Each structure stands twice: as structure tokens, then as C-alpha cells.
Amino acid sequence: MIQNFNDPKHKFIALYYSGFSVFAVLMIFYLIGFFNLFSLSNIIYIILLIQLAITIYGSYLYWNQSIRGLKILKWISFSLIFLICTPYFLYIPNIALIFGFYIETTPDSFFYLLKAHIGYNTSITFNTGGTMPWGVGLNFIELIMFIRFRKILKETLQQTLR
């Protein structure tokens, strides 16, 4: 069974994910309040740190052209595709770059925009009042990366069957 894959841009992609993830880890450590470690915001930060640690590990494996790293980054990129907003919950994932389309609606209005951002900017918000609008969006960069990872994985698995 083949344990490696072929991607001429693997080092650039590994640096892309790991570089932004290390930066994000430093940002989150700055934001965590260690006096009240079990507050809801700190629990969310810890979940984000776990995602970033998995991303850094997957980037390291991807740098070494490991199939396991390819699978990890494929699922990390999938988790970063969708921007979701409900009246009680907001999730806008962004580890590195975001360029996407976002649609938001309330009973009184309809709003859409192109969202672009460089750097870590993940938002997870809970609102018990239910006052946030409904919204959905796509991060085109992560969608392209997910499709790329899937294609490389499919080609690699087809080579093992030959």
C-alpha cells in the first residue's frame, strides 16, 4: 500500500496551513483567561486550539507527503468551507485566508456580501436571545483546497489499485 502521494506544491500548502495555524495559536493563548479556565469562551478557545493543533500536525505530515497528512488537511479544509449563522449560533471559520460569498436574511431585510480576510479570524458565537439573523456562506479558497485534496487522494488511491 502506498503511504505517500505526489503533489508538487505540498511544501507551500503545508507552510500555508502551519504558518497561519501557529500564528492563530499564539493569538488564542493571548485571549485565554487562565483564571476562569472553564468559562464558555475558554472552552471554545480550547476547542479551536485542538483544531489548530490537528492542523499543524496534518501540515507536518503533508510536508512529508504522508497520506495521513493529506486526509487530515482534507477534513480541516472541509471544516473551513461553510459560514453559518442562525438566530442562536454563529460560526465563521478562518484559519488562513477567506474569500467567499455570504448571504444573511432577517424578516425585514436581505443582505449579501463578498467576504475577504487574511489571517486567523474564526468566530463562534452563542446568543441565547435568538436575535442574530439567518445566514449562510462559502469560503471559496477552502472549497478549492478541499477539492484539490480530494483529487490528490483519489489519484493516489487509484495508483494503489493498479
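So is Leu73 in contact with a Phe, Trp or Tyr (Cβ under 6 Å, 6 or more places away or on another chain), surrounded by 15 or more Cβ atoms within 10 Å (Cβ to Cβ) and under 28 Å from Ala53 (Cβ atoms) or not?
In short, yes.
List, please: which pairs have Cβ atoms under 9 Å, are six or more places apart or on different chains, and start with a residue in the range 60-89 that is over 29 Å from Gly130 (Cα atoms) and end with one that is assigned to a strand (DSSP E or B) and open to solvent by 30 Å² or more (accessible area, probe 1.4 Å)?
Asn64/Asn4; Gln65/Asn4; Ser66/Asn4; Ile67/Asn4
Those residues that are open to solvent by 20 Å² or more (accessible area, probe 1.4 Å) and either among the hydroxyl-bearing types (Ser, Thr, Tyr) or in contact with a strand residue (DSSP E or B) (Cβ under 7 Å, 6 or more places away or on another chain) (or both), I need them from the range 138-161; list them, please.
Of the range 138-161, the ones open to solvent by 20 Å² or more (accessible area, probe 1.4 Å) are 138, 140-141, 143-148, 150-151, 154-155, 157-161.
Selection gives Leu138, Phe140, Ile141, Thr160.
Quick check, is Tyr88 open to solvent by 80 Å² or more (accessible area, probe 1.4 Å) and either out of contact with any His (no Cβ under 6 Å at 6 or more places or on another chain) or closer than 19 Å to Ile72 by Cα (or both)?
Yes: the conditions hold for Tyr88.
What's the number of the only condition in (1) open to solvent by 80 Å² or more (accessible area, probe 1.4 Å); (2) at positive phi that Gln65 fails to meet?
If we test Gln65 against (1) open to solvent by 80 Å² or more (accessible area, probe 1.4 Å); (2) at positive phi, just (1) comes out false.
Got a sec? Which of Ile118, Ile95 is open to solvent by 50 Å² or more (accessible area, probe 1.4 Å) and under 20 Å from Phe146 (Cα atoms)?
Ile118 is the lone residue from the list that is open to solvent by 50 Å² or more (accessible area, probe 1.4 Å) and under 20 Å from Phe146 (Cα atoms).
Restricting attention to the range 1-18, and to residues there that are assigned to a helix (DSSP H, G or I) and free of Cβ contacts under 8 Å to residues at least 60 places away in the same chain, which single residue is surrounded by the fewest Cβ atoms within 10 Å (Cβ to Cβ)?
Phe12
I'd like to check something: does the range 136-152 contain any residue that is over 16 Å from Lys74 (Cα atoms) and without any contact (Cβ under 8 Å) to a residue 24 or more places away in the chain?
No, there is no match, as no residue in the range 136-152 is over 16 Å from Lys74 (Cα atoms) and without any contact (Cβ under 8 Å) to a residue 24 or more places away in the chain.
The values are calculated or read from the model by the stated rules, or taken from the named source; none is laboratory data. Since the structure is predicted, the reported quantities are computational estimates derived from the model, not experimental observations. Please note: Cβ atoms are built from the backbone with ideal geometry, for glycine as well, and neighbour counts cover all protein chains shown. Surface areas here come from the heavy atoms of the whole protein model, side chains and all, with no ligands, DNA or RNA. Shrake-Rupley method; radii C 1.70, N 1.55, O 1.52, S 1.80 Å.
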